[in-house]
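Student: My questions all concern the structure below.
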Amino acid sequence: MVKRIIINFPTNLGDAIIGLPVLDRLHSNYPKAKITVIASPGTYDFFVHNTFADQVILFDKSWKLRVKIKFCFCLWGKYDLIADLKNSFLPVALGIGIRTPFIRKFSNKVHIVDKYLSLICKLAPNKICQRSDFTLESAEKDKWDSLGIESAIFIACSSRSNIKQYPYLNLKEVVSSFTNKQKIIVLGQEQDRGFYKDILAQEGVIDLVGKTSARDVFYLLKRHASVLLGVDSSITHMASYLDLPVVCLFGPTSYERSYPRSKDSIVLRKEELDCLPCEMAKCNRGNECMNILPQDVINAIDKILKNAEAK
């Protein structure tokens with residue numbers, strides 16, 4: 001009988017969010033089991049407030065070997081089942097018999113969600129499950145509710161990788177076309193402020209760049225997003241997990257592996273380019289793949305908004 005489950009999530013926040021359906025599926029299949037999540041320094045705070053995670057344990061890949069050995073020793077024999085999304089040596093190191101397979105062969109065209117779920121298909125055969133949630137304190141909720149937003153277009157077009165960002169001038173044209181129709185909320189980290197520039201000062205734009213945690217973003221999207229305009233990033237993956245409409249702009253990365261799976265979502269990319277997806281960190285072609293026409297983006301957002309009105 002499975003009473004104690006441990007999940008080893010990816011280090012990166014975006015990949016960890018993509019892995020949330022694994023947590024949901026295991027929680028549904030073993031509702032009485034205690035679930036422990038292994039999180040990285042970048043995902044720890046996010047998972048601590050997850051409604052399906054009973055315990056969150058920090059693991060830092062930069063630790064010295066002796067610290068990693070101590071980490072494994074402390075967890076030895078405490079769990080009945082492990083879902084290892086990193087494909088590490090951890091299942092053996094923790095002595096867990098019920099575990100995800102070590103041999104993994106997937107096509108590059110398989111979506112990462114399907115890849116992760118296939119790893120637990122035999123461990124958790126019941127596909128019907130609820131989505132987890134992330135808790136906020138009352139004061140935090142009050143702060144966001146005080147913005148007085150009913151619904152808004154959310155923008156998340158920055159990225160740690162410069163070649164995945166939507167060009168500033170293109171984005172400015174898109175935002176300008178909607179500021180008189182709906183509120184626009186711009187999300188990102190503090191270091192993204194220079195990317196958005198004067199877009200943040202436009203009338204009708206709410207600047208939340210550098211002002212939110214991942215949990216805040218989850219709450220805001222769930223309550224107020226009519227559509228998200230994003231690139232291949234953690235915020236887009238979050239909107240997809242919430243089944244919100246997304247217009248996603250893909251360039252150097254494979255859209256087949258991480259496209260938004262939510263209903264009424266639209267993927268835009270320059271299909272005529274022969275270099276896609278390159279999966280490169282740098283581009284010698286001027287990031288041509290991300291130079292998607294503003295009017296195409298405007299049309300996609302309009303289509304989603306009109307579909308929502310017709311329902």
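Student: Do the conditions hold for LYS311, that is, is it over 30 Å from VAL48 (Cα atoms) and either basic (Lys, Arg) or surrounded by 17 or more Cβ atoms within 10 Å (Cβ to Cβ) (or both)?
Tutor: Yes, satisfied.
Student: Specify the residue that is modelled with the highest pLDDT; the eligible residues are those in segment 267-299 that are β-branched (Val, Ile, Thr) and surrounded by 19 or more Cβ atoms within 10 Å (Cβ to Cβ).
Tutor: Here the answer is VAL297.
Student: With VAL227, VAL267, VAL247, VAL231 as the choices, which residue is within 13 Å of the chain's Cα centre (by Cα) and not charged (D, E, K, R)?
Tutor: VAL231
Student: Are any residues in segment 87-114 among the hydrophobic types (A, V, I, L, M, F, W, C), within 23 Å of ASP232 (Cα to Cα) and at pLDDT 90 or above, and if so, which ones?
Tutor: Of everything in segment 87-114, those that are among the hydrophobic types (A, V, I, L, M, F, W, C), within 23 Å of ASP232 (Cα to Cα) and at pLDDT 90 or above turn out to be VAL110, ILE112, VAL113.
The values are calculated or read from the model by the stated rules, or taken from the named source; none is laboratory data. Note that the coordinates shown come from a computational prediction; the quantities given were computed from them, not determined experimentally. In this analysis, Cβ positions are derived from the backbone assuming ideal geometry, glycine residues included, and neighbour counts consider all displayed protein chains.
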